[in-house]
Amino acid sequence: MKNTSKKPAGSTKTTAPLSATEIAENQLGEIIWDSPIRGYCDCPGKDRHTSQDATKDCIVYLDSIPTVHCLHSSCASVIEEANKRLRAAMLKGSKESDGKPRKLTSEEKAQIKKREEQQRYRKRAAMSLPQLLINHQWTYDQIIADSPVQLAGDEADHWRLLLRKFKPDDVIWIGDKFDSGKPEHIKHFKTAAQWLTESKVLGPFICPATFKNCSISRSNEQILARRFLVVESDTLSKDQVGAVFKWLRDKVGLDLVAVVDTAGKSLHGWFRYPADDIQVDELKLVLPALQCDPKLFTPSQPVRLPGPLRAEKRQKLVYLAKAGDQ
């Protein structure tokens, strides 16, 4: 029998409202988020750029005033239109909004002014990169020659040298990317002292932060302390990123502990994590402008561990500070 029942008057099909990040990605395409309110995307006006592009040139903010900023000036009119569309989409998608523009509060105006100052800071950093690469040149061969600790020997045991830079009772995660979240993964969480009694490690990755006792999940919520800041670039060569490491050590004053050859295209610079929150915030602006990966500011982000093989090549240390030097 044919169903003749009708929907109640006024009944409509409803869908769950989109999150702010989903609305932003609908407007701008893929965004690499380094916090819940900040990420990097391809510039909407990329075809107007008159100088070389880098992967972290265009930044997106999703706080009270959603905003897109780009390090290039030639795309300014396109960015302005993109911001209008993004803010309109956010207003339309907000349950608390009637969709009409509203006046900015004094706090929001101050936030915009602060953000504009930050973007000028980013632009200065990006513009300084070519000169930085010249003034602080530190090639791959020079990094090896300058290592305070001579690293010739069994590269398969380089993980032991790096783990000795942690405190003995630091709980460290070592494993493969998905060795996390299940009860059986507790074996990937051991103190530095416990790992050093093992004949081998359980994977090619390590987290530069430490975890709470009895952790089974490599998540930000389980982080106990930030021991190291790892710096790397997907776009700079090994010779070029060495200049960034040297600048961070000699001019910014960060303590360089180790440099790891990932057995791929990049080097990882291990620095003692800054105690100054203001300095960390500045580095979060400057390092992406210097073409370094902002994902490594995520506390639980895994990085390559020296010692294990990657395909047929060995991940290894090429620079290590002596105890007391860092």
(message) Nearest 10 degrees is fine. How inclined is helix 277-289 to the longest principal axis of the chain, computing both from alpha carbons?
(response) 80 degrees
(request) Pull up all non-local amide H partners of Y273: gap of 5 or more, or a different chain, and H-to-H distance under 5 Å with H placed in the peptide plane. (result) F228, L229
(request) Starting from 0 in steps of 10 Å, tell me what percent of the Cα-Cα pairs of the range 180-224 lands in each bin. (result) 26, 61, 13
(message) What number comes out for accessible area per residue over the range 209-307 if the probe is 1.4 Å? Units Å², please.
(response) 37 Å²
(message) I'd like the Karplus ³J(HN,Hα) series for the range 207-216: coefficients 6.51, -1.76, 1.60, θ = phi - 60°, whole numbers in Hz, and an x wherever there's a Gly or Pro.
(response) 9, x, 9, 10, 10, 5, 4, 6, 5, 10
(request) Divide, for the range 203-249, the radius of gyration over alpha carbons by 2.2 N^0.38 Å, where N is the residue count. (result) 1.53
(request) Which order do the peptides 233-243, 248-258 take when ranked by the mean count of other beta-carbon atoms within 10 Å per residue, highest first? (result) 233-243, 248-258
(message) If you build the convex hull over the alpha carbons only and average its shadow over all orientations, what do you get for the range 248-321? Give it in nm² to one decimal.
(response) 5.5 nm²
(message) 7 Å from Cα along Cα→Cβ at both H49 and S73: what's the point-to-point distance in nm?
(response) 1.7 nm
(request) Based solely on C-alpha atoms, express the radius of gyration and the Dmax of the range 165-241 in angstrom. (result) 13.7, 42
(message) Largest first and in whole Å, what are the equivalent-ellipsoid semi-axes of the range 105-226 based on the Cα gyration tensor, each being the root of 5 times an eigenvalue?
(response) 36, 27, 11
(message) So for the range 63-173, considering every pair of alpha-carbon atoms, how many percent are separated by more than 24 Å?
(response) 59 percent
(message) Once you place label points 7 Å from the Cα toward the Cβ at D234 and K265, how far apart are they in nm?
(response) 0.9 nm
(request) Give, rounded to the nearest 20 debye, the magnitude of the charge dipole that the chain has about its Cα centre when Lys and Arg contribute +1 at Cβ and Asp and Glu contribute -1 at Cβ. (result) 1100 debye
(message) Going by amide H atoms built from the backbone, whose H comes under 5 Å of the H on L224, apart from near neighbours?
(response) T210, F211, K212
(message) Nothing charged except the Cβ atoms of Lys and Arg (+1) and of Asp and Glu (-1): what's the magnitude of the dipole of the range 206-308 about its Cα centre? Round to the nearest 20 debye.
(response) 280 debye
(message) For log10 I(q)/I(0) by the Debye sum over Cα atoms at q = 0.08, 0.13 Å⁻¹, one of (i) -0.41, -0.95; (ii) -0.40, -1.05; (iii) -0.47, -1.03 was computed from the structure I shared and the rest are decoys. Which label?
(response) (iii)
(request) Set Lys and Arg Cβ to +1 and Asp and Glu Cβ to -1, take the dipole of the chain about its Cα centre, and tell me which of C70, F211, Q52 lies farthest positive. (result) C70
(message) Using a Förster radius of 30 Å, what is the FRET efficiency between L285 and A152 based on their Cβ-Cβ separation? Nearest 0.05, please.
(response) 0.20
(request) Taking H placed 1.01 Å from N in the peptide plane, check which residues at least 5 places from L290 or on another chain put their amide H under 5 Å from its amide H. (result) none
(message) For the range 132-287, what does the relative contact order come out to in percent, with C-alpha contacts under 8 Å and a separation of six or more?
(response) 23 percent
(message) Between 0 and 90 degrees, rounded to the nearest ten: what's the tilt of helix 106-135 against the longest Cα principal axis of the chain?
(response) 40 degrees
(request) Report the extension gain between C214 and T197 in nm, rounded to one decimal, defined as 0.36 nm multiplied by the number of residues separating them, less their alpha carbon distance. (result) 4.3 nm
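The values are calculated or read from the model by the stated rules, or taken from the named source; none is laboratory data. Every value quoted in this text rests on a predicted model; they were computed, and no experiment measured them. Cβ sites come from the backbone with ideal geometry, for glycine too, and all protein chains shown count toward neighbours. What goes into the accessible areas is simple: the full protein's heavy atoms, side chains included, and nothing from ligands, DNA or RNA. Shrake-Rupley method; radii C 1.70, N 1.55, O 1.52, S 1.80 Å.
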